Amino acid sequence: MTTRDFSLRYAGDRTGFLLIHGLGGTPTEMRLVARALHRGGHTVHCPQLAGHCAGEAELLATGWRDWTQSVVDELEHMRGICDTVIVGGLSMGAVLAMHVAAVRPDAVDGLALYAPTLWYDGWSIPRYAFLLKWLINTPAGRRYSFVEREPYGVKDLRTRSLITAAITRGDSAEAGLLGTPSGALKQMWELIGQTRREMPTIKCPALLVHAREDDVASLSNAFYIQRRLGGLVDAVILDDSYHLVTIDQQREIVVERSLALAARLAKPHLHEVASGLHIVAAE
């Protein structure tokens, strides 16, 4: 069965954002931020990761290397149309962004990390969840599925009601999978382990946005990443959002700081262009 492609692509200037959705999620998670960045003049691509936007079986047929390849393929395409590319993502998508920056430092000019998730340790996560890593290879562990629960990562009540309705309809292309199977979680943990080792080698500037009240991944995730990355980290702590910062009620701050990162990264290129024009004029 061929999975429909729900990727989002908006053509703009030669500064591009490559934004990656979370595990079991969809490009829809990035749509509001993507459109706002596009209104700011930029090219924005939100690819659908391999195995996503379908069912559990399709997700389990892929692994973290397949998800990485989805991002690298999109990155190669964007390098052909953009002078500057910022790779960003939400939750596990932010981890993928860091991994791609580590393996393709020549192609990634900056990072936009939205609620990066190394551990499920937010206030809505059951306290026994940490046991899964020890049980995942048992028969019960292999059958386990991590099921999203209220508030579904969203503090804004209206947005939460829309997500609940999509989940109730079973619309995985709009709301993602309600439950993430343990096999996919195992793949995510492998990606996280690899990326944690790579973090000190990542030198490009990074924007890191995390909610103080994140219900899925506590602020310890952000603090760890801030300490470990090898380059400049601009950390923004939101005071009125939960985990899905790209659709929650402070998303305008996410957009504002992302645009500021793009403006900073574009300046060296504009300076090079200006220098080139000056040389031509002098000749």
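Could you pull out every one of the aspartates and glutamates with an alpha carbon less than 15 Å from that of LYS267, ignoring same-chain neighbours closer than 8 positions?
Answer for LYS267, where 15 Å is the Cα cut-off: ASP13, ASP83, ASP109, listed by chain and number.
Can you list residues from other chains, or at least 5 along the same chain, whose modelled amide H is less than 5 Å from the amide H of LEU207?
Amide H neighbours of LEU207: LEU111, ALA112, LEU113, ASP234.
Spin-label point model (7 Å from Cα, Cβ direction): what's the ASP13 to THR164 distance in nm?
Each label point is offset 7 Å from its Cα along the Cβ direction, giving 4.2 nm.
Around ILE20, which amide H atoms from residues at least 5 apart in sequence, or from another chain, sit under 5 Å from its own amide H, with H modelled in the peptide plane?
Close amide H contacts, sequence-distant or interchain: GLY88, GLY89, LEU90.
Pop a pseudo-label 7 angstrom from the Cα along the beta-carbon direction at both ALA57 and GLN69 and give the gap in nm to one decimal.
It is 2.1 nm.
So how exposed is ARG251, as accessible area in Å² (1.4 Å probe, rounded to 10)?
Its accessible surface works out to 90 Å², give or take rounding.
Can you return the aspartates and glutamates within cross-link range of LYS155? Criterion is Cα-Cα under 19 Å, with same-chain partners fewer than 8 residues away left out.
Counting by Cα, and skipping residues close in sequence, LYS155 has these aspartates and glutamates nearby: GLU29, ASP121, GLU174, GLU213, ASP214, ASP215, ASP239, ASP240, ASP248, GLU252.
Rounded to whole Hz and in sequence order, give me ³J(HN,Hα) for region 225-230 from the Karplus expression 6.51 cos²θ - 1.76 cosθ + 1.60, θ = phi - 60°, writing x for Gly and Pro.
5, 4, 6, 8, 4, x
Report, by chain and number, residues whose modeled amide H sits under 5 Å from the one on LEU238, excluding near sequence neighbours (fewer than 5 apart, same chain).
HIS210, ALA211, ARG212
Can you put LYS186, LYS267 in order of accessible area, largest first, using a 1.4 Å probe?
Largest accessible area first, the residues go LYS267, LYS186.
At 7 Å along the Cα-to-beta-carbon direction for both ALA107 and ARG257, put a label point, then send me their distance in nm to one decimal.
In this crude spin-label approximation the distance works out to 2.7 nm.
The values are calculated or read from the model by the stated rules, or taken from the named source; none is laboratory data. Remember, predicted model here, so these are calculated numbers, not experimental data. As a convention, Cβ positions derive from the backbone with ideal geometry for all residues, glycine included, and neighbour counts pool all protein chains shown. These accessible areas exclude ligands, DNA and RNA; they are computed on the full protein's heavy atoms, side chains included. Shrake-Rupley method; radii C 1.70, N 1.55, O 1.52, S 1.80 Å.
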